[in-house]
1. For residues that are part of a loop (DSSP other than H, G, I, E, B) and closer than 15 Å to Lys87 by Cα, scanning just region 25-47, find the one that is least open to solvent (accessible area, probe 1.4 Å).
2. Answer yes or no as to whether Ser56 is outside any strand (DSSP E or B), free of Cβ contacts under 8 Å to residues at least 60 places away in the same chain and at negative phi.
3. Of the residues that make up region 2-16, is at least one on the phi < 0 side of the Ramachandran plot and at pLDDT 90 or above?
4. Within region 67-83, is there a residue that is among the small types (Gly, Ala, Ser), touching a residue at least 24 places away in the same chain (Cβ under 8 Å) and open to solvent by 60 Å² or more (accessible area, probe 1.4 Å)?
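The values are calculated or read from the model by the stated rules, or taken from the named source; none is laboratory data. Please read these numbers as outputs of a predicted model, since none were measured by experiment. For neighbour counting, all protein chains shown are included, and Cβ atoms are generated from backbone atoms with ideal geometry for every residue, glycine included. Keep in mind that these areas ignore ligands, DNA and RNA; they rest on the heavy atoms of the full protein, side chains included. Shrake-Rupley method; radii C 1.70, N 1.55, O 1.52, S 1.80 Å.
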Amino acid sequence: MIIYNTNIGVDNYSINQCEVYPNPATNQIQIKGIDESKPAQIKIYSILGQLLYQDSQYSSSKTIQISGLENGIYMVNISQGNSEITKKFILQR
């Protein structure tokens, strides 16, 4: 019996690899580790669930200016295809 491996490539990407920094933040946050092969939706929510920012991203990193937000706790939601992750950051000046 001969078995052939028909996999051409292996997709080892996991949305869990995304990082949001610095934390606490002052004027901007960086999101790093986004898969460039498909679009990512990035949303920032207040701790009360109010949508404050929304954008689509096609590169592996994104800088978001947050200087217009008040000090507090915020959630960044990153989704790609069927994968989704939410990270918390603190804005403190």
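1. Here the answer is Ile34.
2. In short, no.
3. No, that holds for no residue.
4. Checked region 67-83: at least one residue is among the small types (Gly, Ala, Ser), touching a residue at least 24 places away in the same chain (Cβ under 8 Å) and open to solvent by 60 Å² or more (accessible area, probe 1.4 Å).
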